[in-house]
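This report refers to the structure that appears directly beneath it.
We did not get these values from a lab; they are worked out from the coordinates using the rules stated. Because the structure is predicted, anything quoted here is derived from the model rather than measured. When we count neighbours, we look across all protein chains shown, and the Cβ atoms used for this are built from the backbone with ideal geometry, even at glycine.
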Amino acid sequence: MTIKTGLMVAALLMLAGCNAPAQRTAVETCKADNQMQQTTLYFGLNRPAGAQITGNEWQQFVDQDVTPAFSRRLNGV
C-alpha cells in the first residue's frame, strides 16, 4: 500500500503543475515619451441652499461643461 500511495502522491504533484495559467487582462500603458494621467472628480447633487439638482440639470452640466474639458477620454459612472 505504501508504494501505491507514494506513486499516487507523486502523480498528483506532477499533475498539479499542468494547470493552465490564469488569463491576465492587458494593462493600459503609455509609450516612453507620453505621459498618462487619471483624474477622478466627485460631484454631489445637492445645492448648499436650494433644491436638489435634477437629472436633466446634471446631464446638461456634463454635456456642456465636463465633456468638453475632457474631450480625449471621459468615463462617467
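Please compute the modelled spin-label separation between Leu13 and Ala32, points set 7 Å along Cα→Cβ, answer in nm with one decimal.
The answer from the label model is 4.5 nm.
Between Phe61 and Gln23, what length in nm is gained on full extension when 0.36 nm per residue of separation is reduced by their alpha carbon distance?
9.7 nm
Once R0 is set to 25 Å, what does the formula 1/(1 + (r/R0)^6) return for the Cβ-Cβ distance between Ala69 and Asn46, expressed as a FRET efficiency to the nearest 0.05?
0.65
Quick one: Arg47, Arg24, fewest Cβ neighbours within 10 Å first, how do they rank?
Arg24, Arg47
Given q = 0.22 Å⁻¹, what are the Debye log10 I(q)/I(0) values for the stretch 1-75, with equal point scatterers placed on the Cα positions and solvent ignored?
The Cα Debye sum returns log10 ratios of -1.07.
For Ile53, enumerate residues with amide H under 5 Å from its amide H, sequence gap 5+ or separate chain, H modeled in the peptide plane.
It is Asn46, Arg47, by chain and number.
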